[in-house]
Amino acid sequence: KMYKNIAGLKVTTTNKDGKAERDLWKLWENFYQKDFRESIQKIAKIPVNYAVYTNYEKDFYEGNYDVYVGMETENSENNFENILVDWEKFEVFEFEYTSPESVFDAWKTIWENKNLNRAYTYDIEEYYEEGKFRIYISVK
């Protein structure tokens, strides 16, 4: 099995009443603060940003879930919030990144995909290259 340790910031949120949108905006804002960026980049394995959605209470319609925003590190021995992700069975979708709206549009496309047998273990955004990102959806 392959595991990746993602270190960074964490929030618990829900898709009810636009809460997730506000919480995630703030999370990314904090992630991009100069001091934070510099300290996380020092221990990052590669210059790739991740958002990990996990600990779903139910599904994306209702219930709380956790979101980690961070970078891959060698281990969890650091002063950040850490999550060890089991890089398991995923359906992978690739998108163009032009603005934060493109991420929301990408998720809308995924939510509308009725053929996805979602496992709700880890769903991951991977910002791996200028103007491109992937979304990994855990499937059964």
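The values are calculated or read from the model by the stated rules, or taken from the named source; none is laboratory data. A quick note: this is a predicted structure, and the numbers were derived from the prediction, not measured. Cβ atoms come from the backbone with ideal geometry, glycine included; neighbour counts cover every protein chain shown. For accessibility, only protein heavy atoms count, side chains too; no ligands or nucleic acids. Shrake-Rupley method; radii C 1.70, N 1.55, O 1.52, S 1.80 Å.
Once the 1.4 Å probe is applied to the protein heavy atoms, the chain comes out at 59 Å² accessible per residue.
Extension gain Ser39-Glu88, at 0.36 nm per residue separation less the Cα-Cα distance, in nm? All intermediate terms of the calculation are to be shown ahead of the outcome.
Details: separation 49, 0.36 × 49 = 17.64 nm, distance 2.88 nm.
So the extension gain works out to 14.8 nm.
Normalised by the number of residues in the stretch 1-121, the mean separation of alpha-carbon contacts (under 8 Å, six or more apart) gives a relative contact order of 36 percent. Each residue of the stretch 84-97 was assigned a 3J(HN,Hα) from its phi angle through the Karplus expression (A = 6.51, B = -1.76, C = 1.60, θ = phi - 60°), giving 9, 9, 7, 7, 9, 8, 10, 9, 10, 10, 10, 9, 8, 10 Hz with x at Gly and Pro. Straight Cα distances below 14 angstrom link Lys58 to the aspartates and glutamates Asp66, Asp123, with same-chain residues fewer than 8 positions distant left out. Length gained on full extension, Leu116 to Trp25: 30.1 nm, using 0.36 nm per residue less the C-alpha separation. Across the chain, the volume of the C-alpha convex hull divided among the residues equals 110 Å³ per residue. The distance from the alpha carbon centre of the stretch 2-24 to that of the stretch 69-114 is 10 Å, rounded to a whole number. Considering only DSSP states other than H, G, I, E and B, which chymotrypsin sites (Phe, Trp or Tyr not before Pro) in the stretch 18-51 qualify as loop sites with at most 14 other Cβ atoms within 10 Å? Hits after loop and neighbour filter: Tyr32.
Could you order the peptides 116-123, 16-23 from most to least packed, using the average number of other C-beta atoms within 10 Å per residue? Don't jump to the answer; show the numbers that get you there.
Numbers: 116-123: 17.5, 16-23: 12.5.
By packing density, highest mean first, the sequence is 116-123, 16-23.
Derived scalar couplings between HN and Hα for the stretch 110-123 equal 5, 4, 7, 7, 6, 7, 6, 8, 5, 8, 6, 9, 9, 10 Hz in order, rounded to whole Hz, by the Karplus curve 6.51 cos²θ - 1.76 cosθ + 1.60 (θ = phi - 60°), x for Gly and Pro. Note on the chain: GNM, Cα springs under 10 Å; of Glu126, Glu96, Glu72, the largest mean-square fluctuation is that of Glu96. Label the stretch 81-140 by shape, choosing from rounded, prolate and oblate, from the square roots a ≥ b ≥ c of the eigenvalues of the Cα gyration tensor; if a/c is under 1.5 it is rounded, and otherwise prolate applies when a/b is larger than b/c, oblate when it is not. Verdict is oblate for the stretch 81-140.
Of the accessible area of the stretch 1-88, computed with a 1.4 Å probe over protein heavy atoms only, carbon and sulfur atoms account for 47 percent.
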